[in-house]
Amino acid sequence: MPTHLPLILRRCHACASERFRANGKFRVNAHHKLIDAWLLALCTGCGDTTKLTVLERANVRSVPPGLLDRLHANDPALAAELLQDPVLRRRNRIALDWDGAWRLDTGGTDFMDREVIEVSVCFAARIPVRPVRLIAEGCGLSRAEVGRLIEEGNLVSVVRLSARLTGDFTFTLKR
């Protein structure tokens, strides 16, 4: 589950820092029947502002009224949605740094005393994370121990547990 917006990886033209923090503020500019909209982000080094293009010379009638209202209201949930959009990230040539921007909810540790555990992991947002790290944190194990369990066949899943995932998956742990 995300705890806050991720850092934006992009070089600052003023101080050569590579990280920006989005605060959920938008700038909207209209030119007669055309509209531009940007998501504003502040450099973590010098505080300079960069604009990430959301809409560029779009016809006002083609933009859904609900989206316009959310842009004008500086909706932080809209900023989170837009940052996860691969089209926006590609257009603006940015990447996201999710370190420290998510937490793991396990729902308690009642399951830890069982011999066989079947777990379904559901992502609240498309956060790229290695399943090995999630399993280690959720089950109170070290990453090396999780790796050993995988090699022994006591931790199995249909997905590759050492690769980064952004979607839901299940795994079975045998003790």
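Looking only at residues that are closer than 12 Å to Asn74 by Cβ and either of a type in the set (Lys, Arg) or open to solvent by 20 Å² or more (accessible area, probe 1.4 Å) (or both) in region 14-25, which one is farthest from the chain's Cα centre (by Cα)?
Lys25
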Of those in region 115-149 that are surrounded by 13 or more Cβ atoms within 10 Å (Cβ to Cβ) and free of Cβ contacts under 8 Å to residues at least 12 places away in the same chain, the residue nearest to Ile8 (Cα to Cα) is Arg133
Condition set in contact (Cβ under 8 Å) with a residue 12 or more places away in the chain and assigned to a loop (DSSP other than H, G, I, E, B), scope region 17-40, selection nearest to Leu68 (Cα to Cα): answer is Lys33
When region 89-114 is checked residue by residue, the ones that are of a type outside the set (A, V, I, L, M, F, W, C) and modelled with pLDDT of 80 or more are Arg89, Arg90, Arg91, Asn92, Arg93, Asp97, Asp99
Going through (1) under 30 Å from Leu67 (Cα atoms); (2) surrounded by 12 or more Cβ atoms within 10 Å (Cβ to Cβ) one by one, Asp99 fails only at (2)
When (1) touching a residue at least 24 places away in the same chain (Cβ under 8 Å); (2) outside any helix (DSSP H, G or I) are applied to Ala80, the one that fails is (2)
In the set Pro86, Pro6, the lone residue that is modelled with pLDDT under 95 and crowded, with 16+ Cβ neighbours inside 10 Å is Pro6
Looking for something under 30 Å from Asn29 (Cβ atoms), charged (D, E, K, R) and part of a helix (DSSP H, G or I) - is there at least one such residue anywhere in region 106-127? no
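The values are calculated or read from the model by the stated rules, or taken from the named source; none is laboratory data. As the structure is a prediction and not an experimental result, all values here were calculated from the model. Quick reminder, even Gly has a Cβ in these numbers, built from the backbone with ideal geometry, and neighbours come from all protein chains shown. Protein only, heavy atoms only, side chains kept; ligands, DNA and RNA dropped before computing areas. Shrake-Rupley method; radii C 1.70, N 1.55, O 1.52, S 1.80 Å.
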